[in-house]
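K.L.:
A single structure is presented below for examination.
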Amino acid sequence: MKTQRTAACTGSIERYWAPRELVMVGVFAAAAKISSLLIALAGGGMNPVSLVAKNLVFTTLLVVLLTKVPKAGTLLLFTVVSMLISVLLLGGSMALLPAALAGALLGEAVAWGFARTTPRAVLWAPWLAAGVYDLASKGLSLGVSYLFMRESPALMTMVVPIVALGYVGSIMGLWFGWKTVGELKHAGFVR
């Protein structure tokens, strides 16, 4: 109450994001992208083991971030920063941006709707948001890939198993995220 009164008296606007939270989102987005790149390089390219490990680490970091900064819009901001890092620094494709943004919006909407059901549902919202985000963004990315490869749809028979294998890593990342958040709660990093 005091901060609202102080903000009203001074004429300043109360910010939705604290600077600490914005830094946290940026650091986690950069860490997720850089660790994914390092895993792919250390694994000798995109083989099945490095593909699963890359998605496992990415989803684990995403769950920790969504638990650490439990605000609406965190997943969307993470996606925007992550895609900016991917496109500007790592040479990623802009064609994946619409699928990632749509997946983030869908993940945010499902988590928000789920969190409104019961007070205890808020605790599971980060895992639900990360799972829906991974599933929707990978599914929509397959749709974008199909649009680019519609001249030779037989190539999709090679792409679908690779994306499915990556999603196995994402599902494993949800479990690892649960374990990691539990350990971080014991350490006092996450409330």
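K.L.:
Restricting to region 175-191, name every residue that is touching a residue at least 40 places away in the same chain (Cβ under 8 Å) and either part of a helix (DSSP H, G or I) or surrounded by 14 or more Cβ atoms within 10 Å (Cβ to Cβ) (or both).
P.N.:
Of everything in region 175-191, those that are touching a residue at least 40 places away in the same chain (Cβ under 8 Å) and either part of a helix (DSSP H, G or I) or surrounded by 14 or more Cβ atoms within 10 Å (Cβ to Cβ) (or both) turn out to be Phe176, Gly177, Trp178, Thr180, Val181, Leu184, Val190.
K.L.:
Examine region 165-174 for a residue that is in a helix (DSSP H, G or I) and either free of Cβ contacts under 8 Å to residues at least 24 places away in the same chain or of a type in the set (D, E, K, R) (or both), and state whether such a residue exists.
P.N.:
No; the residues of region 165-174 include none that is in a helix (DSSP H, G or I) and either free of Cβ contacts under 8 Å to residues at least 24 places away in the same chain or of a type in the set (D, E, K, R) (or both).
K.L.:
Out of Leu77, Leu56, Leu65, report the one residue that is crowded, with 17+ Cβ neighbours inside 10 Å and under 18 Å from Val163 (Cα atoms).
P.N.:
Leu56
K.L.:
Determine the pairs where a residue that is within 18 Å of Val132 (Cβ to Cβ), located within region 76-90, has a partner that is surrounded by fewer than 19 Cβ atoms within 10 Å (Cβ to Cβ) and of a type in the set (Asp, Glu) with Cβ atoms under 7 Å apart, the partner being 6 or more residues away or on another chain.
P.N.:
none
K.L.:
Related question: Residue by residue through region 40-52, note down the ones that are surrounded by fewer than 20 Cβ atoms within 10 Å (Cβ to Cβ) and in a helix (DSSP H, G or I).
P.N.:
Ala40, Leu41, Ala42, Pro48, Val49, Ser50
K.L.:
For Ile39, state whether it is among the aliphatic types (A, V, I, L, M) and touching a Lys or Arg at 6+ places or on another chain (Cβ under 8 Å).
P.N.:
Answer is yes for this residue.
Read-outs: derived from the displayed coordinates by stated rules, not from any lab. In this text the structure is predicted, and so the values were computed from the model without any measurement. All Cβ positions, even for glycine, are placed from backbone atoms using ideal geometry, and neighbour counts span all protein chains on display.
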